[in-house]
1. If you take each beta carbon of peptide C:300-313 and count the beta carbons of other chains within 10 angstrom, what is the mean?
2. How big is the Kirkwood radius of chain D, worked out from every pair of different alpha carbons and given in Å to one decimal?
3. What's the buried accessible area, both sides, between A and B using a 1.4 Å probe, rounded to 100 Å²?
4. Using the Kirkwood radius over Cα pairs, work out the Stokes-Einstein diffusion coefficient for region A:111-214 at 10 °C and 1.306 mPa s, in µm²/s as a whole number.
5. In deg cm²/dmol, rounded to 500, what helix-only [θ] at 222 nm does the protein assembly as shown give when every DSSP H run of at least 4 residues adds -39500 (n - 2.57) and the total is split over its residues?
6. With a 10 Å radius around each residue's Cβ, average the other Cβ atoms per peptide and rank C:231-241, D:344-354, D:165-175, C:331-341, highest first.
7. Roughly what % antiparallel, to the nearest 5, for the DSSP beta bridges in chain C?
8. Suppose R0 equals 35 Å; then what is the FRET efficiency for C:Gln250 and D:Val215 from their Cβ-Cβ distance, rounded to the nearest 0.05?
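The values are calculated or read from the model by the stated rules, or taken from the named source; none is laboratory data. Predicted model, so just to flag it, every value in this text is computed and none were measured. Here the Cβ positions follow ideal geometry from the backbone for every residue, glycine too, while neighbour counts run over all protein chains shown. Accessible surface is based on the protein model in full, side chains and every heavy atom, while ligands, DNA and RNA are left aside. Shrake-Rupley method; radii C 1.70, N 1.55, O 1.52, S 1.80 Å.
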Protein chains: 4
Amino acid sequence: MSEKMRAILKAQAGPGLEMHMVDIPEPGPREVLIKVKATSICGTDRHVYHWDDWSASRIKPPLVLGHEVCGHVVQIGRDVTLLKEGDFVSAESHIPCTVCPVCRSGQQHICANLKILGIDTRGTFAEYAVIPEVVAWKNDPDLDPAIAAILEPLGNAVYTALAEPITGQSVAVFGDGPAGINVVGVARASGAGRIFQVGKYPFRLDLGRQMGSDVCLNITEPGTDVVGTILDATEGIGVDVVLEMTGSQQAVSEGLQVLRKGGRFSAFGLPAGPIQMDLANGIVFKGARILGINGRLMWETWFQMAGLLRSGKLDPSPVITHRIPLDDFEQGFAAMDAADRRAGKVVMYPDPADI
Amino acid sequence: MSEKMRAILKAQAGPGLEMHMVDIPEPGPREVLIKVKATSICGTDRHVYHWDDWSASRIKPPLVLGHEVCGHVVQIGRDVTLLKEGDFVSAESHIPCTVCPVCRSGQQHICANLKILGIDTRGTFAEYAVIPEVVAWKNDPDLDPAIAAILEPLGNAVYTALAEPITGQSVAVFGDGPAGINVVGVARASGAGRIFQVGKYPFRLDLGRQMGSDVCLNITEPGTDVVGTILDATEGIGVDVVLEMTGSQQAVSEGLQVLRKGGRFSAFGLPAGPIQMDLANGIVFKGARILGINGRLMWETWFQMAGLLRSGKLDPSPVITHRIPLDDFEQGFAAMDAADRRAGKVVMYPDPADI
Amino acid sequence: MSEKMRAILKAQAGPGLEMHMVDIPEPGPREVLIKVKATSICGTDRHVYHWDDWSASRIKPPLVLGHEVCGHVVQIGRDVTLLKEGDFVSAESHIPCTVCPVCRSGQQHICANLKILGIDTRGTFAEYAVIPEVVAWKNDPDLDPAIAAILEPLGNAVYTALAEPITGQSVAVFGDGPAGINVVGVARASGAGRIFQVGKYPFRLDLGRQMGSDVCLNITEPGTDVVGTILDATEGIGVDVVLEMTGSQQAVSEGLQVLRKGGRFSAFGLPAGPIQMDLANGIVFKGARILGINGRLMWETWFQMAGLLRSGKLDPSPVITHRIPLDDFEQGFAAMDAADRRAGKVVMYPDPADI
Amino acid sequence: MSEKMRAILKAQAGPGLEMHMVDIPEPGPREVLIKVKATSICGTDRHVYHWDDWSASRIKPPLVLGHEVCGHVVQIGRDVTLLKEGDFVSAESHIPCTVCPVCRSGQQHICANLKILGIDTRGTFAEYAVIPEVVAWKNDPDLDPAIAAILEPLGNAVYTALAEPITGQSVAVFGDGPAGINVVGVARASGAGRIFQVGKYPFRLDLGRQMGSDVCLNITEPGTDVVGTILDATEGIGVDVVLEMTGSQQAVSEGLQVLRKGGRFSAFGLPAGPIQMDLANGIVFKGARILGINGRLMWETWFQMAGLLRSGKLDPSPVITHRIPLDDFEQGFAAMDAADRRAGKVVMYPDPADI
């Protein structure tokens, strides 16, 4: 193994990223080293690229960025018990301590001492990466590496959709970003009944239709009446499930209005500030359940996702709009920043021959 | 049976109630007639007494008020299948249609065609009352009639506390009205761990202590730090369960702050308007669950309540502060309106000898 | 409306059924009269046809048989609240009292006073049938009547599969009768991962494959190793879910052996006598859950089924092997009795023009 | 710290145990060393003492026995994150690998690579013991050491009782050993309604009554009719919950008979061989759930147990019948072997001054 590798660094505080040659890291006792096959860009990576306030307060340069990844195990630590060389793995990005009260209450994904791969530890935008065994997930060897790379964000959609059973239920999805599109696909593959998707971009709503939505509502089109349309289509009852992927005030308000009595509202989108909620009519009188969704359940979400992919009913390929060499990372970030919102997931390959 | 009876009427639109002699009603095919043993005053009855906007829009005088009740069956309708003369029953006040999609989804208590006893139908502040079999609940014959009369509001507390398992969990109760006091008792009887109660009135917080709270926090006392106290006492983790009985902005905000990651927030209190919620930090990142609570589950809540009463671990007697003749209803309403907030539940008896 | 209709009767105790002209029944206050569009034969109907001991003890001739049905409402009882003339309905065959403790605990489908349509009340093998509103289910008007007729048995499969979430899970189905074939389809439409089906008849296992099974195991073929094959395919872990549709000793034993630790075993098949179970190794040490499945949850199962059919992912058509005129009922029963086991569901139409 | 300690060893294959001076062990990177305060005898330890077939196949002498324990941390391994010197801890005896598919499905307590403390690793019948951090549980500092020592077996009872909510439910407990007595206490502290206990020994049934049972049934007394008595007392409906702690054929059969429709049956007792079960009438038609219970949920059970103990409603002291010096271990084993069955839990103290 060569001793140096290419890696994309936040080299110092401030905007931008740079490719450097750095040492290939050594796995610790309970870690493995993987040769990165594919690694994709998260919205969080964009924040770090542009160096917003959150990034400035959290990131300690120099840091290899990246946390959506797949690759093959090339070296295993001394105390690793199950993984072996050659295994094709993806990574859960939330690294739990496993022993705090939060972890022990079944919430490892929001551990009280949580570290995030590529944020608090060295990341995956590189030829090699170290993955703690506790967050390594073994894939079917023949899974498309682009899909294997995006399991982490796809898992957000799986958790949001399947936080409670969705089979046979009517669903309203708010949002048409990658999470919104994926969650349509997960709901459809899980046997949801009618699926409404509310968004802003025709290109993305079309991706949602490819993934299985029945009715698209574009709120930028004059005359679009989200609440009226959904209530009419459900005989005034409303939908069984709302999947809120935007964090916008309007979506939260409309989501509560179209939710049926006794319904479930999965809240994944993150608002910038406080949200006004009609607690009395939207939640209490309705007997509604609001479920906060962050990360992915460890490991229920991953098992569900693997089963859905194996079933052949879930195919997130339409969301993967760009497959580029890792060396072209600047193009990838630019695509995600573009005003036309035509980028879904951007997957980067250290070896262009793998594309 | 005499053909006339005393009954407390909203005789015409406007404030006040009057006692009149009215015909004893006849039960329909699936109804029973009960001789009222005890009937208690709900906060809703106070609204109707004072004739607020909601009352003016909903109530059609003349109407016999009252929906918290117990009594013995004295006549059964033709198609009644299980009840028989002499049975000692209480009433669920939410009368469901049983066949709408909401009822069929297990939510009879918030039926799409819901009628409320004593609001939409003739009530129970009288010597006799008609109870549909679909909302009649058969009690142990030796249950204290005062307790049997308040099962409906006690059931709110049972539902709020037991919407998810509470055994062994730490609990923060916001509110010290009858619902807040009762919910402390239910949590304690169900094996909750530490119980914090947040309120405003020393007299009522003392009742909460009698019902089982471990720590009382009076927000009217200078220096009371609800969030700090609860977080300190839980090693910074927060409580497993928040039971919000007030609907106030402050309680909702503080409740979300003291809730642990992965915790449960039962929302029973009804705010007058929209509430500001920190959706990102209070719900999404925490993986919290907000459960809207209205009425009582039919009939899971009632079974749980009957079992708790039978166990001897739940005794709501401290909440019953007044036991008066039905004829003295004006005193009862006055006690509930009093500024000193020393009234819990006021139970009225048609026959003063039963007190 | 003509005053007489054709109906298939158990005219007197003993084997056989006869077609007679009988009075068209009148609906009671909470019942509707439907014009039967299609009605299918249940295994139970075969028992009654052949007059086994159970039939002799339960059935009171003369009785119109049949309980799997769909049709249009032509007359409504006085107290019917939601249905109206022209509605296209199917029937839940389990008629609950709605007020007993079992019904009130959310188990209407196994009510303590349960009556079964076409067994304890007049049935549906006729031109018209009376359906209590409490068991009437309104269909999409354009649902294939053959499918609408078999919703009751299809619902068994929906309940068996979805008694707990199945999305993403690996599944072993024991049985290849109509219930076994349908349950494969439901699991597949609900996003199950790998599906194994164990049966005896190549024709039926092929129907299972059409419905979505991945691996078929025919226990009549020499060398078939059910336990070994399933454990090998699941890396020795076993499947997440076993759906037992046969009631045979062998299937129950093998099902417990292939179930993973913490797995779910839905028991739908009815053995003739006691079953030997390895409680220690099959259930206790495994932390397994055995769920008894009877009928269909009212109405969770029906909502799930309607949603699955609407999604287009569940199509039970392959199971409907025969569509015949009601007048040819003898052929239908003969097909179901045939030794070659090539009959799935036999659907009969009062009006042959509807076929 | 002295370098040698007293420890009770299975020194070689064959019956009996011996006290020896052995080296005080060193904790590994993720382990802690505790000074044992109290350690109690499990039924499994008796099997090892007497060297039954299971012991001969599993135990590799020399081995320090014992796995029910509490003590104070005196040394921490390099990678221990939360525990510190002086912490008062108990141990979960099931040591999971944390990364196998079983662990990752939330079933660490039945890990595919499970090791058991004092069976597969050095145990706790000694002055000092090594506890992996992954199974260390921090107690309230003022918890009675005898209770802290028996948390592991008490946890069996907590898991068995609380595998589903039990608040307000009627319960039949089969068994009057320590597990059966404890499970009565847990059910009572959790707000169960009526509790029936079925056993054989008056002394133990009296302990059950102290812990909260309402009705005791001694099957060795002529005329005891378990099924009839329980059905009569529940108006023919049966109990909501059966907690089966014996593994006997009779108890399993009677348990299924007294379980209500839709009820829950927790199976903790381990039969020696296959059990006959009336699957059709006992499970399927009833819509019953059979839950296999082994070990304790990690860590839901422990949180529930800690909360119940803190509430003051659960006090397992009556089950602790013997408190003896560790040096007198032979007396402890003899008490547990005695025919009169008057021993509950036997707790041993390395330092007799602690008794």
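1. Taking the mean over all residues of the peptide, I get 6.
2. Details: mean 1/r = 0.0478 Å⁻¹.
The answer is 20.9 Å.
3. Details: alone 15230 and 15250 Å², together 27560 Å².
That pair of chains buries around 2900 Å² in total.
4. Values: Rh = 15.5 Å.
Using the Kirkwood radius from Cα pairs, D works out to 102 µm²/s.
5. Working: 44 runs with 384 residues, N = 1420.
The helix-only estimate for the protein assembly as shown comes to -7500 deg cm²/dmol at 222 nm.
6. Averaged packing, sorted descending, gives the order D:165-175, D:344-354, C:231-241, C:331-341.
7. Details: 32 of 59 bridges.
Looking only at bridges with both residues in chain C, the antiparallel portion is about 55 percent.
8. Working: r = 40 Å, r/R0 = 1.16.
The formula returns an efficiency of 0.30 here.
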